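Please treat every number below as a calculation from the coordinates, not as lab data. Predicted, not measured: the structure shown is a model, and the values here were computed from it. Note: ideal-geometry Cβ built from the backbone for every residue, glycine included; neighbour counts use all protein chains shown.
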Amino acid sequence: MSNKWTEKQIADLRAEVQKGMSQKRFLHTLAVEEMTDRLARLFGCERREEMCVAAILHDITKECSVDEHIALCQKYGIPDGEHLRLAPKTFHAQTAAALIADKYPEFADETVVNCVRWHTTGHAGMTLEEHLVYLADYIDMTRLFPDCVRLRNYFFDAEPQKMDEDERMLHLYKTLLMSYDMTIRALVDDGAIISADTVIARNEIAATLRKMQ
Ligand SMILES: [Fe+2]
Ligand SMILES: [Fe+2]
């Protein structure tokens with residue numbers, strides 16, 4: 001694993017992040033960091049440290065109001081408009097990614113920023129690091145929604161640690177497809193807006209699976 005940052009820098013980052021969110025959100029953040037670490041080890045990711053830092057930073061603007069998001073969008077040149085009011089939940093990934101360079105410049109590493117930027121919607125051409133932070137956010141141990149529990153059990157009950165590399169990647173893609181399908185289904189049921197990035201990410205995963213099987 002690369003050692004870009006000291007343990008103290010990372011502990012200080014956690015403490016700083018904790019100040020800006022509720023205790024519930026912070027416990028989720030720690031659980032996502034733990035799950036990210038577990039998944040990164042399982043898949044032998046060299047950028048495990050960057051992925052864990054992304055996990056710490058992924059929801060730093062999640063509790064902002066729509067007006068606060070609008071202000072952040074204006075400050076960082078993120079196009080907002082009506083879309084923000086219609087689908088405010090997806091904006092925290094963009095505003096959090098933009099905030100890193102400003103508020104935590106020593107952590108403004110490309111992998112960190114991209115894992116944060118795409119942790120909610122996904123997008124075309126996702127990297128393994130981005131996939132795993134996305135998944136960690138979905139299945140962290142604090143998540144008790146039936147879909148999250150189902151997905152966590154699906155992934156770990158198959159004992160991916162015993163699989164060879166190809167089987168493990170196939171299993172990851174199956175798990176990711178399930179997660180996108182559950183998300184899209186829930187959004188459809190709510191009559192909510194689905195980000196085009198999510199549809200593209202889902203279709204790429206489905207296409208990759210077809211080629212793998
Ligand atoms: Fe999030
Ligand atoms: Fe999250």
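Values computed for the structure shown
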{"read-out": "Where ALA55 falls short, out of the listed (1) among the small types (Gly, Ala, Ser); (2) over 13 Å from the mean Cα position of the chain (by Cα); (3) within 15 Å of ligand 1 (Cβ to nearest atom); (4) within 30 Å of ASP166 (Cβ to Cβ)", "value": "(2)"}
{"read-out": "Number of positions in the stretch 79-93 that are closer than 18 Å to HIS58 by Cα and either more than 21 Å from the chain's Cα centre (by Cα) or within 14 Å of ligand 2 (Cβ to nearest atom) (or both)", "value": "5"}
{"read-out": "All positions within the stretch 126-168 that are of a type in the set (A, V, I, L, M), surrounded by fewer than 17 Cβ atoms within 10 Å (Cβ to Cβ) and under 24 Å from GLU50 (Cα atoms)", "value": "LEU128, MET141"}
{"read-out": "The stretch 14-49, residues that are within 16 Å of ligand 2 (Cβ to nearest atom) and part of a loop (DSSP other than H, G, I, E, B)", "value": "GLY20, MET21, SER22"}
{"read-out": "Within the stretch 114-127, tally of residues that are over 11 Å from the mean Cα position of the chain (by Cα) and either within 13 Å of ligand 2 (Cβ to nearest atom) or free of Cβ contacts under 8 Å to residues at least 24 places away in the same chain (or both)", "value": "1"}
{"read-out": "Which numbered condition ALA96 fails, given (1) within 20 Å of ALA15 (Cβ to Cβ); (2) more than 13 Å from ligand 1 (Cβ to nearest atom); (3) without any contact (Cβ under 8 Å) to a residue 60 or more places away in the chain; (4) under 17 Å from the mean Cα position of the chain (by Cα)", "value": "(2)"}
{"read-out": "Enumeration of residues in the stretch 178-187 that are surrounded by fewer than 17 Cβ atoms within 10 Å (Cβ to Cβ) and in contact (Cβ under 8 Å) with a residue 12 or more places away in the chain", "value": "ASP181, ILE184, ALA186"}
{"read-out": "Filtered residues of the stretch 95-131 (kept if polar (S, T, N, Q) and in contact with an Asp or Glu (Cβ under 9 Å, 6 or more places away or on another chain))", "value": "THR95, THR111, ASN114, THR120, THR121"}
{"read-out": "From ALA54, ALA11, residue being within 16 Å of ligand 2 (Cβ to nearest atom), in a helix (DSSP H, G or I) and of a type in the set (Gly, Ala, Ser)", "value": "ALA54"}
